[in-house]
Amino acid sequence: MLPRPVVEARGIHKHFGALHVLKGVDLVVAERELVFVIGPSGSGKSTLLRCLNRLEEPAAGSVVIDGVNLLDPRTDINHARQRIGMVFQSFNLYPHMTALGNVTLALRKVAGKPRAEADELGRAALARVGLAERAGHRPGELSGGQQQRVAIARAIALEPRVMLFDEPTSALDPELVGSVLGVMRDLRESGMAMVVVSHEMGFARNAADRVLFMDQGVIVEEGTPAAIFESPAQQRTRAFISQIQRH
Amino acid sequence: MSNWERFLDTFFNGRVMARYLPDIAYGTLVTIELAALVIISGLAAGLALALVRSLGFRPLNLLIVFVVDLFRALPPLVIIVFIYFGLPAVEVSPSGFISTWLSLALVLMAFSEEIFWAGITSIHKGQWEAARSTGLSYGQTLIHVVLPQAIRLTIPPLTNRTIAITKGTALGTVVAVSEILGMASSAVSNSYNPSPLTLGAIAYLILFLPMVIVGRWLETRMTWKR
């Protein structure tokens, strides 16, 4: 018997006003799998990601994360979200707290750890992203790459079952991208299931198990990185790949 | 008597000042008491209204906006007179002190609600999303993430507004509150000399200058690098 998937989203629909942004999308992510989502802007890829932790409420469909049905009204969404880490394009660190404060807030308030234990776990998470010695710094005192790594530490400190990355390197200066991708690669090697929305094709080729191409609210095509990047079957995928590779 | 001597005798008459100093000191205590009550209750009510408004319950928010606009539009003196002379018609007779307190607290509530609300809404949506994505509840996000940032932003406008409204305690003189101005004016009528007003002005300076300075200090201390 196959192990239970970590993410099992079926038939997701989402509307923004008159706009039908997700038209019945399925996404299943297995243990230790890294799924990469690409597509033009407005294709619905970020919205799909945000449906997976219910930052967006799907209009129809089901989202089951680690066996918990997120759309069931009886589900304690705050409890469930500890198991779903999310990293945003604009970092969204709390500017009034130190790096350690950012990482430990949910450990203390959601996971209910006493301060000493939360600090210990927080420091361990910061060490995993290579920022142990920056624990006492405020976000304003850190580079963009360091801020994004603190944001990753904030999510992994809660020991999630899956990590969602929403264009994690798009807001970074080119020379800072590498450090964030390095942390993501380490996470991947540790066996974390990940869903990554990004345009970092090099990273996708090296690290992804599967690449999904989305356009206009549907998954147009999916396959291994080699299949999608070298020999896409669909005309739309080909057009998109050639367009981003020209840059 | 030269003009200069006449000026000194009119506004800085030592004998009159010494005679009425205890009255002005008493008035100062009343003003402090009134001001403290107005600030505490006004800001607390304003923050509470802003928090309720952040829940986004539409009918309630329309009511809040109506009340806030009402008390921002009405001159505080009109509200004082309404409460003091109007309420007895419905068998409620608040004292001048309570009328002044209530009126100024309502006005401060209205203005501070708008300031707190502006502070809360100015916090980027990403802060909410990041906090909620780690499992923090709505209330926890508000208390630990949004409010600490919002309140820092609101300190400068809030301090200015609080000082402006708290100075309105002088309006209490109209409904016979024995605060600084009330005590000073009756001393002027009794002594036929305006020097008690000078004393009163000094008392106001002693009270409000520190507030202005503390406000400035908070303003510089509360900024932080983004």
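Readers should treat all values here as calculations from the given coordinates under stated rules, not as data from a laboratory. Nothing here was measured: the structure is a model prediction, and the numbers come from that model. No Cβ is skipped: glycine too gets one built from the backbone with ideal geometry, and neighbour counts run over all protein chains shown.
Just a few scattered comments:
- Placing dummy labels 7 Å off each Cα toward the beta-carbon, the span from residue A:141 to residue A:245 is 4.6 nm.
- The 3J(HN,Hα) values that the Karplus relation (6.51, -1.76, 1.60; θ = phi - 60°) gives for the stretch B:58-69 are, in residue order, 4, x, 5, 5, 4, 5, 4, 4, 4, 4, 4, 5 Hz. Gly and Pro appear as x.
- Expected 222 nm ellipticity per residue - DSSP helices of 4 or more, -39500 (n - 2.57), all of the protein assembly as shown, to 500: -17500 deg cm²/dmol
- For the residues A:235, A:216, A:148, a GNM of chain A with alpha-carbon springs under 10 Å puts the largest fluctuation on A:235.
- For chain A, the longest principal axis of the Cα atoms and the long axis of helix A:115-128 meet at an angle of about 50 degrees.
- Residues considered: B:172, B:14, B:96. Largest GNM mean-square fluctuation over chain B, using C-alpha springs under 10 Å, is found at B:14.
- Selected from A:46, A:122, A:245, residue furthest toward positive end of dipole (chain A; charges at beta carbon): A:122
- Principal-axis tilt of helix A:144-156 within chain A, Cα atoms, nearest 10 degrees: 90
- FRET efficiency, 1/(1 + (r/R0)^6) with R0 41 Å, evaluated for residue B:185 and residue B:74 via beta carbons: 0.95
- Given R0 = 60 Å, the distance between the Cβ atoms of residue B:6 and residue B:66 translates into a calculated FRET efficiency of 0.65.
- For residue A:162, distant residues with modelled amide H under 5 Å away: A:85
- Only Lys, Arg (+1) and Asp, Glu (-1) charged, at Cβ; the stretch A:98-151 dipole about Cα centre in debye: 140
- Whole-Hz couplings from phi, Karplus 6.51/-1.76/1.60, listed for the stretch B:2-17; x for Gly and Pro: 6, 4, 5, 5, 5, 4, 4, 5, 6, 9, 10, 6, x, 5, 5, 4
- Calculated FRET efficiency for the pair residue B:201/residue A:79, C-beta based, R₀ 56 Å, to 0.05: 0.40
- Selected from A:52, A:176, A:22 as most flexible by GNM, with chain A as the system and alpha-carbon contacts under 10 Å: A:176
- The protein assembly as shown: antiparallel DSSP beta bridges as a percent of all, rounded to 5: 55
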